[in-house]
Structure formats: structure tokens, C-alpha cells
Amino acid sequence: MLKALFLDMDETLCDTLGANEQAKQLMGESLQQQYGGKCDGHAFASAYVAGIYREWSDSQRARYLPIIEQQSEGAFRMQLIRDLLAEQGVDDVCDETVQTLQDKFDRDRLEAFDFYPGIKEFLAEARKLFTLVVITNGPEFSQTPKVEAVKLTEHVDHIIIGGQEPEQKPARSIFDKALKLANCGADEAIHVGDSLATDIVGAHNSGITSVWIQHQQPLDAELGINPHHSVLHPSEIPKLILELHQHENSTK
């Protein structure tokens, strides 16, 4: 019998990419206004988002990882802004300006951050059937504000933020914690997520049924990762989960 539904947050329950794009657009426009032709604001904003998602070159990794480990995520993001401005020929930027840029991006992203259409209603119905546990990777610095922005605690039973744990997805330990919170076995849970490498691999390593949200991603056969079930978009989650629940009940 299925007892628990585990769910990723970003690009599964919530349109993080859409929120990022909105914040990038506003950041680019702000920089264009502030520095005029001296700065390509939109190129800067794209590079900033790539940076905070750890899309680093080897030299960037060597530069930024020690800042994160020895100082904080916030300190890294401020240094990233300074470096990207310097690449655009904008030097000697004061801390206040850098902090303002970072705060504006975070604020604009949170204002745009929301559930995909129909997901809030789905969670209300699914909660009648399952214990709902959200398992999201990422630093507390960025994930906690997003959790608060959509009042996620009001819609699910438990939330696990990877950055607060010893290990993140796909580590088995984080799925074991979810199973313990839901008070069920691996064969009584389903995990839904958009990442093959973290969500699907993590579920399989823990013996949990997987549902992959494909979005526009190809299924790379070379990776050898084959989700048990797939949907193209989060809007298809409710129908599939209901079908899996009904099938499970009919076979008992």
C-alpha cells in the first residue's frame, strides 16, 4: 500500500526557472539603467544565475568554493557580482552597491516564485491519501526563503532541505530520513522529481518508485538511468499519482 509521496520542490512543485528568468530580466534592466552602455546588463544577469547554480569554470571553482566553505553563500554571491562587474569594466564598486544588486535579485525572484498551476490544489487532495515530504537540494540561504514564499509548510507534512543535512540527494541518507518521517517502507513510497542524477538515482538507490518530470530534457540512454514513470510537465503529476494509487489499491 502506498503511504508516502516524496516531492522535489524546484521545477517539480514550483516554477523556479520562470522566477529566475523574471529576476534576470529585471536585474539586466537595472544594470543597463545604472551603467548605460558600459555594462551589458543581460549578459551579466545570465552569468550571475549560472554562477549561483555552480556552473563554474575550473578557475571559478578554485576561487569561489573556499569563499563558500570559509565564509558563506552570501559572501560568495557578493564576490561573484564584483567579478562579473569587473569583467564588464565596472571597477571599484562599493559593498552597498553589490549588496543592493544581490538583494534586488533575491527579492524579485521570490516575488515571482510560485507553484505551477494546479499543484497547490493537488497537494491538498494528495495529503488525504499520503504523507507528503518535500526533499529539496540546495543551500539553506536560497531554499528557506523559497519555502517561505509559497508557505510550503501549510501544504505538506515535512520538508527536508539538503543544505541542512549531512548529505543531499542522491544520498541514501536523505531518503532514509524521509522514510522515517513518513513512517513507511521504501516499497510504500513514491518520489517525484525533475533530476535524473539526484531525484531518480536517489530514489532507485533507496528502493523507492520514481517519477521523472521530463520538461524538455532528453532521456540519455548512456547514463543508464531509467525512471519507473515519466511525465512531460508538472501539470501531469496529479493524474499519474492518482492512477498509481488506484492501481496499488486494486491489486491488494
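Only strands (runs of 3 or more DSSP E) whose full extent lies in the range 99-194 are considered here, and none of them has at least 1 residues that are out of contact with any helix residue (DSSP H, G or I) (no Cβ under 8 Å at 6 or more places or on another chain), among the charged types (D, E, K, R) and farther than 30 Å from Gln22 by Cα. Checking every residue in the range 17-37 against the condition of being among the small types (Gly, Ala, Ser), over 16 Å from Lys104 (Cα atoms) and either touching a Leu at 6+ places or on another chain (Cβ under 9 Å) or modelled with pLDDT of 95 or more (or both) gives at least one match. For the range 24-75, a residue qualifies if it is polar (S, T, N, Q) and in contact (Cβ under 8 Å) with a residue 24 or more places away in the chain, and the qualifying residues are Ser30, Ser72. So which residues in the range 50-72 are surrounded by fewer than 17 Cβ atoms within 10 Å (Cβ to Cβ) and either within 21 Å of the chain's Cα centre (by Cα) or among the hydroxyl-bearing types (Ser, Thr, Tyr) (or both), if there are any at all? Ala50, Tyr53, Arg54, Glu55, Trp56, Ser57, Ser59, Arg61, Leu65, Glu69, Ser72, listed by residue number. Of the residues making up the range 84-98, not a single one is within 19 Å of the chain's Cα centre (by Cα) and either at negative phi or not charged (D, E, K, R) (or both).
In a residue-by-residue description of the range 205-221, the property of being assigned to a helix (DSSP H, G or I), modelled with pLDDT of 90 or more, within 19 Å of Glu167 (Cβ to Cβ) and assigned by TED's automatic domain parsing to the domain that holds Lys177 applies to at least one position. Looking for something charged (D, E, K, R), modelled with pLDDT of 95 or more and crowded, with 16+ Cβ neighbours inside 10 Å - is there at least one such residue anywhere in the range 148-161? No - not one qualifying residue is present in the range 148-161. Can you pull out every residue in the range 142-168 that is in contact with a Ser or Thr (Cβ under 6 Å, 6 or more places away or on another chain) and either touching a residue at least 40 places away in the same chain (Cβ under 8 Å) or among the aromatic types (Phe, Trp, Tyr) (or both)? Matches in the range 142-168: Gln143 only. Please indicate, with yes or no, whether at least one residue in the range 75-98 is among the β-branched types (Val, Ile, Thr), assigned to a helix (DSSP H, G or I) and more than 18 Å from Ser142 (Cβ to Cβ). Yes: one or more hits.
Residue count for the range 22-45, restricted to those that are surrounded by 15 or more Cβ atoms within 10 Å (Cβ to Cβ) and outside any loop (DSSP other than H, G, I, E, B): 15.
Quick check: is even one residue across the range 29-41 hydroxyl-bearing (Ser, Thr, Tyr), more than 30 Å from Leu5 (Cβ to Cβ), within 21 Å of the chain's Cα centre (by Cα) and not assigned by TED's automatic domain parsing to the domain that holds Glu167? No, the conditions are met nowhere in the range 29-41. Among the residues of the range 76-91, the one identified as exposed (fewer than 11 other Cβ atoms within 10 Å of the Cβ) and without any contact (Cβ under 8 Å) to a residue 40 or more places away in the chain is Asp91.
The values are calculated or read from the model by the stated rules, or taken from the named source; none is laboratory data. All figures in this text were calculated on a predicted structure; none of them were measured in a lab. Virtual Cβ from ideal backbone geometry, glycine too; neighbours counted across all protein chains shown.
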